[in-house]
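S.K.: For reference, the structure I am asking about is given below.
Values in this text are rule-based calculations from the coordinates and carry no lab data. Just so it is clear, the structure is predicted and the values come from calculations on it, not from any experiment. Using ideal geometry, Cβ is built from the backbone for each residue, glycine included, and neighbour counts are taken over all protein chains shown.
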Amino acid sequence: MKKYNRLMILSFAIYAVLAICMEIAGKNQQEEKSQFYKVEMNRILADIEVEAKKIHLEKPDTKMTDVSEMIQKINLHGYREIQSVAYLPISETDIDAIQNFYSGVNGKESRIYPLYLNSKVTDESVDIDAKAETTEDKSSDMAEEYLAGYLRFDYQRTASDGVFLFRIQGALLLMELFLLGILFYLKSHLIKPFHRMREMTYELSKGNLQGEVKAEKNQYLGKFLWGLNELKDALRVSRKREIELQKEKKMLLLSLSHDIKTPLNMIKLYGKALEDGLYPTDSERMNAYRQIGEKAVQIENFVGEIVKASKEDIVHIEVERGEFYMRELVQWIGTFYGEKCALRKCSLTIDEYQNRILQGDIHRLFEVFENLFANAFKYGDGCSIHISFYEEDYCQLVRVFNTGEPVSEKSFVHLFDSFFRGENTRGQQGNGLGLYICREIMHKMGGEIFAERETDGMAFVVVLPM
């Protein structure tokens with residue numbers, strides 16, 4: 001949880017650093033461009049001086065007091081920020097014209113500068129800021145210059161860079177808020193619930209099945225916790241049933257052991273009597289032999305019951321009778337084991353089949369084929385698995401064949417016995433219950449399963465009632 005919180009803090013820190021860097025870079029760029037309109041004003045003033053120089057060269061004795069004609073000759077289409085230039089002569093006395101000049105143009109910024117013209121025009125450039133700051137000094141110090149009027153520069157700064165930067169900052173903020181929202185959502189709906197459940201699986205592994213699993217009201221863990229609670233209940237019931245079964249078996253073994261003692265003692269007595277010659281006649285000796293035989297049969301029956309009790313209820317299997325189509329089984333095999341066989345580079349071949357209605361529990365049948373494929377992967381050579389279909393005596397037979405070394409004849413007769421493992425296990429893990437469970441499932445569904453030995457592999461045939 002601490003690492004997850006650090007991840008959230010790191011995410012916000014990265015956003016803050018990026019936002020600050022972008023803001024600094026944007027401001028620097030804006031500051032560089034904010035003075036661009038002054039450059040354009042200098043260019044216009046320079047153009048006016050050039051025009052004034054031309055007129056002075058043509059008419060040296062002319063004193064220029066009206067520069068409107070020169071301003072009209074300036075092409076403003078080549079300027080990005082300067083929109084228009086207005087001129088107010090020094091000799092203007094019309095109050096309305098003066099007010100209009102100083103009021104400017106709505107929606108635009110304006111700058112007003114005095115226009116000095118030199119009777120002896122030179123090629124020196126005009127510095128606007130210097131002229132704005134030292135207007136009175138110019139008129140007194142430079143006797144050759146005179147104030148011709150005032151120029152008003154109307155300009156509109158391009159705000160595209162600022163708007164673009166604002167949009168980028170806004171998009172970055174929205175992305176960060178969205179990311180933090182996702183992280184908070186995952187923390188509250190996934191991380192915290194799993195954090196609360198971290199001890200639960202450990203307790204289950206240790207066999208602690210007491211208590212209830214607290215439900216979570218979210219769509220991700222609701223079914224998971226419900227299934228975990230069902231698993232806990234199933235394990236609790238299974239443990240209780242196992243304890244009861246062990247108790248019953250123990251009581252049965254004690255009872256049978258006690259019952260065996262009676263005929264066993266009788267056999268010992270008759271044997272001792274025959275050894276000591278206590279039966280002089282043939283009829284008495286024959287009666288003793290007959291009693292010994294009867295008691296031996298009783299002991300044999302008791303031993304049979306012990307063996308039967310040891311095999312009963314190894315696994316508890318419940319089967320729901322129903323109907324299903326053969327296509328459901330084949331599609332499941334192709335979907336579930338097609339990819340697994342491809343990953344193992346094992347060829348899986350499924351023959352043509354009739355899509356008939358079969359009887360049984362389709363989910364239990366899946367379990368049967370899971371065991372058959374598990375055996376094919378464990379004990380086969382991994383080259384090929386072939387599934388074929390045929391009918392016999394109103395039953396559908398499904399044959400699963402895998403290439404590899406077949407089991408010996410000695411092991412073949414015990415394949416479906418509980419806890420039996422053949423000689424070809426080659427150190428593979430298992431408990432010898434897979435085929436036993438398959439047979440029990442098929443018997444409870446009214447079907448059957450049997451094995452076939454081939455020269456190049458093993459085959460298992462599943463018989464399904466139609």
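S.K.: Take the alpha carbon atoms of the range 340-394, find their center, do the same for the range 164-189, and report the distance between the two centers in whole angstrom.
M.R.: The distance from the Cα centre of the range 340-394 to that of the range 164-189 comes to 52 Å.
S.K.: Can you put M8, M41 in order of Cβ neighbours within 10 angstrom, beginning with the fewest?
M.R.: So the residues, fewest neighbours to most, are M8, M41.
S.K.: Would you mind ranking L117, L397, L147 so that the residue whose beta carbon has the fewest other beta carbons within 10 Å leads the list?
M.R.: If I rank by nearby Cβ atoms, fewest first, I get L147, L397, L117.
S.K.: Moving on. In cubic angstrom, how much convex hull volume per residue do the alpha carbon atoms of the range 323-465 span?
M.R.: Spelled out: Cα convex hull of the range 323-465, divided by residues, is 106 Å³.
S.K.: What is the range 323-465's relative contact order, in percent, from Cα pairs under 8 angstrom and six or more apart in sequence?
M.R.: Rounded, it is 24 percent for the range 323-465.
S.K.: Would you mind classifying the range 311-400 by shape? Square roots of the alpha carbon gyration tensor eigenvalues, ordered a ≥ b ≥ c; an a/c under 1.5 is rounded, otherwise it is prolate if a/b is larger than b/c and oblate if not.
M.R.: oblate
S.K.: While we're on this one: In debye, nearest 20: dipole of the range 223-311 around its Cα centre with unit charges on the Cβ of K, R (+) and D, E (-)?
M.R.: Using Cβ point charges on Lys, Arg, Asp and Glu, the range 223-311 gives about 700 debye.
S.K.: Now for a separate question. In the structure displayed, which of K345/K410; K38/K108; K268/K295 lie more than 20 Å apart, Cα to Cα?
M.R.: K345/K410
S.K.: So for Y155, Y394, Y289, fewest C-beta neighbours within 10 Å to most, what's the order?
M.R.: Lowest to highest Cβ neighbour count: Y394, Y289, Y155.
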